[in-house]
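What follows is a set of notes on a single structure, which appears directly below.
The values are calculated or read from the model by the stated rules, or taken from the named source; none is laboratory data. These numbers were taken from a predicted model, which means no experiment stands behind them. Cβ placement follows ideal geometry from the backbone for every residue including glycine, while neighbour counts extend to all protein chains displayed.
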Amino acid sequence: MKPLRVLDDLRRRVLVHRRLLAGACAALVVWLVVQAATAPPPATEPVWTAAHDLDSGAVLGRDDLTRTGFAPGSVPAAAVRSLAGVLGRTLATPLGRGEPVTAAHLAGAERLAGYPGRVAVAVRLPDPGVVGLLTPGQQVTLVASDPQGGQPPERIAEDAAVIAVPKESAGADAGLTSGRLVVFAVPRETADELAAAATTRYLSVVWSR
């Protein structure tokens, strides 16, 4: 009978240790959960991002933007952190949902950063179908012609860079002084002539590259 008593004693000891081990594991799990719940969140840098997909030419309103935290080191250098710096501004390029708003996305002087020696000129092109083919970053040649045919066509701006294509205004009348607005980066010495031609002559586009 002694061997049986020894076996029973061993079983009891194993059961006791099992319960202690299970209790210790349960306590460890509870401690880890409490630590995870009370630990401070990882540091982030808040920036303004698109609340939904936005087209080129969209005028940014409060509903178009949301504040999103990014891990340090992952935020684009030109990300806009001030709401006042983006509200009412026009997008020069499309912006996807969740994408940070940067200076490069906005129409304005910031868009000239990649075009030294140039200025921005906003002109209206009479043919909205042509404007629909333009996207920021394209290099085109602008040709001015006399709608009455009294003067030969003239190249006004060579390698004009498209920097913004605002949305077409609803109900705009077709004509020489309406059309669709496009913002170009052109050499400073060309700007005045281009602006004048846009109000007196018919501007058309030639894709040079």
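Out of the residues in the range 177-206 meeting the condition of being touching a residue at least 24 places away in the same chain (Cβ under 8 Å) and among the charged types (D, E, K, R), tell me which one is farthest from Val131 (Cα to Cα). Among them, the one singled out is Arg188. Here the condition is being crowded, with 16+ Cβ neighbours inside 10 Å, modelled with pLDDT of 85 or more, of a type in the set (Gly, Ala, Ser) and under 26 Å from Arg89 (Cα atoms); of Ala160, Ala195, it holds for Ala160 alone.
If only residues of the range 198-209 that are of a type in the set (A, V, I, L, M) and not in a helix (DSSP H, G or I) are counted, the one that is surrounded by the most Cβ atoms within 10 Å (Cβ to Cβ) is Leu203. Within the option set Pro136, Pro126, Pro153, being under 30 Å from Asp192 (Cβ atoms) and exposed (fewer than 14 other Cβ atoms within 10 Å of the Cβ) holds for one residue only, Pro153.
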